[in-house]
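Notes to accompany the following structure.
The values are calculated or read from the model by the stated rules, or taken from the named source; none is laboratory data. These numbers were taken from a predicted model, which means no experiment stands behind them. Quick reminder, even Gly has a Cβ in these numbers, built from the backbone with ideal geometry, and neighbours come from all protein chains shown. Surface areas here come from the heavy atoms of the whole protein model, side chains and all, with no ligands, DNA or RNA. Shrake-Rupley method; radii C 1.70, N 1.55, O 1.52, S 1.80 Å.
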Amino acid sequence: MLRFAASSSDARRWLGAGAVGAAAALGLASEWYAYGWDRPTRWIPDFVVGVAFLLAAGGAWPAARRTGVLLAATGVMWYAGNLDQLAVFWHRGPLVHLLLTYPGWRPDSRLAGAGLAVGYLGALGLAWRSDLAGIAIAVALVAVLARQRATAVGRARHDRTVALRVGLALAAALAAGSVARLAIPGGRAVLPALWLYEAALCAIAVVVCVAAQPRPAPALTDLIVELGETGPAMVRDALARALGDPSLQIGYWRPATGEYVDAGGVPVVVPDGAGGRSVRHVERDGRTFAVLIHDPAVLGDAVLARAVEAATRLSAANDELHAEIRGRVAEVAASRRRLVVAADEERRRLEERLHDGPRLRLTRIRALLRAVPADTGGVHLRRAVAQIEHTVEELDALARGLHPRDLAGGLRAALQALADRSPVPVRLAVAGGRFPAEVETAVYYLCGEALANVSKHASAASASIDVARAPGRLTVVVADDGVGGADLRQGSGLRGLADRVEALGGRLDIESAPRCGTTLTAGIPVDEHA
């Protein structure tokens, strides 16, 4: 059985090759009849055109038999034009037929049928002899092809795109030749226009032959991977492009509401099968999951339909996984923020204990010692008072390091205190109002560390602090005119500040080119309702 099928296929192949060879031989005879052998610039291009269509017909056969028949008919009719002037334009009949019905045989609409009739009648009635009429017919052909492509879906859209491109090439060649003949008198443009037309015909034959070759169905795995990497918000557009159905709809089942909704949450109305729409239900884990509403022509292949269903399920699972990851990341960020807030709160309590405990007692002892007459304790008394004052100052510095008590009066007052203590003059511009405690603390430490670096390393003459508030965001800029060269990756001070800012959902950037000063910029999200 297999041997018989193989021998039958070989026989058809040899039969087709013989038919092409016979037609080419007849074509060569027609060239000799029309031009003789002494006019190679006429008969060689003319012969090549017919051979191109005959070879294209053989290449398209048997995968696209109807296309092959029309290609062969175009080639034979081309040679027939060498035998009689009445047959010069006969080849345009099957050529128009080929474009309007590609890759089939029958027109799929009344408009295509009318175009087919015009093409054949024009070829038989010599309407193509008029340049103006030829241009009009070519433009009308392109308009019909464009209309067919706009209404096609799935594989048919690809086929109509091929036909439209070929039609545009044919119309361009006809229009260029007609314009050249009308613009250049004396017939000097006839031969160049003919060569252009013949070149366009050869290109059309090659393009149609290549496009008519059988295309492998899209790989199931590739389609699943490509669409599975797309979230539900984009999978509809990706599927619409892959299937060539811009009207495709995807609805996801929502048990809570008992309806299908699209990726944006808008309800999707499932048709009852009327109106030329097909409905395909997709299940996951044995339960209703989604519905695909599409043109009936795009999912006729069962393998492709299963690939689309699998891609839809995988895309939704992928999106759910991403949502879970985003939730985990949000939980980590919230936990990180809570740790910062808790640490600040503990530091604040330690600062209060220092202030209300040891510092307060030392202050009282200092007051008592100062009340003792100077001649009672002498030098030892004065030294004790000095030691106590020094210890109080150290406790104050330690307390400010633990938690800035200056923030009790607001961020503006706290930063003003920092600026006043700085040995480098500081210009201050701070937005009014209060902010969340953790944000004010982060800004305070950022500015304090920056000013400390300015005084220790920058050799700056001045510095500035700008705190601006925008909707939902606080921006802090600390700049100096020092030597620059600071690096966020070096040193624990700036890195710790960056970690604190990032824990609040913000970002810290540094610009510090050598001899250009240093600018720290922090952006921190701020809850307007906090």
Checklist entry - Applying the selection to the stretch 427-443, what residues are farther than 14 Å from Leu504 by Cα and either touching a residue at least 24 places away in the same chain (Cβ under 8 Å) or assigned to a helix (DSSP H, G or I) (or both)? => result Arg427, Leu428, Ala429, Val430, Ala431, Gly433, Arg434
Checklist entry - Looking at Ala117, is it over 39 Å from the mean Cα position of the chain (by Cα), within 26 Å of Leu194 (Cα to Cα) and either without any contact (Cβ under 8 Å) to a residue 60 or more places away in the chain or buried (at least 16 other Cβ atoms within 10 Å of the Cβ) (or both)? => result yes
Checklist outcome for this item: The number of residues in the stretch 451-463 that are within 20 Å of Leu497 (Cα to Cα), in contact with a Gly (Cβ under 9 Å, 6 or more places away or on another chain) and crowded, with 17+ Cβ neighbours inside 10 Å is 4
Checklist entry - Quick one: Trp37 ticks every box in (1) open to solvent by less than 70 Å² (accessible area, probe 1.4 Å); (2) under 27 Å from Val190 (Cβ atoms); (3) assigned to a loop (DSSP other than H, G, I, E, B) bar one, so which box is it? => result (1)
Next on the checklist: On the basis of being surrounded by fewer than 22 Cβ atoms within 10 Å (Cβ to Cβ) and of a type outside the set (S, T, N, Q), does Arg66 make the cut?
Outcome noted: yes
Checklist entry - Hey, any hits in the stretch 82-99 for a residue that's out of contact with any Gly (no Cβ under 9 Å at 6 or more places or on another chain), touching a residue at least 40 places away in the same chain (Cβ under 8 Å), open to solvent by less than 60 Å² (accessible area, probe 1.4 Å) and closer than 21 Å to Leu71 by Cα? => result yes
Next on the checklist: Among the residues in the stretch 489-509, are any closer than 22 Å to Arg427 by Cβ, at pLDDT 85 or above and exposed (fewer than 15 other Cβ atoms within 10 Å of the Cβ)?
Outcome noted: yes
Checklist entry - How many of the residues in the stretch 431-450 are among the aliphatic types (A, V, I, L, M) and surrounded by fewer than 21 Cβ atoms within 10 Å (Cβ to Cβ)? => result 2
Checklist entry - Considering only residues of the stretch 1-53 that are under 19 Å from Trp195 (Cα atoms), within 48 Å of the chain's Cα centre (by Cα) and small (Gly, Ala, Ser), which is modelled with the lowest pLDDT? => result Gly50
